[in-house]
Each structure stands twice: as structure tokens, then as C-alpha cells.
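Only one structure is covered here, and it is reproduced in the block below.
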Amino acid sequence: RSRMRAVTSCSMSSRRTTRLSLRACCAPKGCCCVWIPLERHLWGLKRAVYDHPYENTVPDPALPGFALAEQRTLRGTITLRTNADIEALFCMTPYYYKSGARDQAKLHALDTLTTETEFALLIYRKA
């Protein structure tokens, strides 16, 4: 039975570091899981913030030293019912750091927000 280690995020900026970390910590022939946001992840949040929202760019799933064993897509919808929850979600995203004060202020007026969640779960086996 192989051990499975999970990586909670794999952003474009940390992808090289993640690859190195995975190779170092994954046992020979072991498995690891990587979650990546897909094109319309948090689309409702982006529509609330940006005048012209854009779809996410999905990174190439190739991971040197690993074979992609399985890919699953997980889609859903969440509703946040307080401004504090909306702000907390926004602060966990790169959009918070990329948005100007005018765009960030748009969320202050919201009491509820419904948004899509869209992830790919990539399961790799170390080659």
C-alpha cells in the first residue's frame, strides 16, 4: 500500500518549488495529490470585483518525475451569507493582492455572495 501526501495548493508562482518539494517528500512509486483552480473558479467573486472578469489560466498538468494517474474535476456553488465571510474568502485569493482599492471596495457593500467553485484534483504517481 502506498502512502499519499497532499499538497493543498499549486499556484503558477510556486509551481517550481512545489515540484521540488514533491520529489523530495514522495516515496518511490508513491502518490501525491495536487489541487488546481480551473477556468471559472470563484467566477461570482470575480464578477463582483472586476468590471471585466477573466477566466483563470489552467497550468499544464505535467509534473516532471511523476506520471498523472488520475484527474478529477470538482464543481460546486457556495453562498456566503455575511460580509465577513466574503472578505475572508477574498483575502485568501490572489485577486485581493492584484486588485486596487476601488475594486476591493465593491465587496464592502455585499452581504451575500454566491460563487462557483471549480477545481481539478490531479493524482500523480512518482515515476
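Observations, loosely collected:
- Each label point was placed 7 Å from the Cα along the Cα-to-Cβ direction; for Leu121 and Tyr54 their separation is 3.0 nm.
- Bridging of Lys106 to aspartates and glutamates at a Cα separation below 14 Å is possible for Asp51, Glu87, once same-chain residues fewer than 8 apart are set aside.
- Normalised by residue number, the volume inside the convex hull of the Cα atoms of region 71-127 is 98 Å³ per residue.
- Candidates per trypsin sites (Lys or Arg not before Pro) in region 68-127, loop by DSSP, up to 15 other Cβ within 10 Å: Arg81
- The orientation-averaged projection of the convex hull spanning the C-alpha atoms of region 27-127 amounts to 7.3 square nanometres.
Here, each number is a calculation from the coordinates, and none is a lab measurement. Note that the structure is predicted; figures quoted are calculated from it, not measured. So basically every Cβ, Gly included, is an ideal-geometry build from the backbone, and we count neighbours across all protein chains shown.
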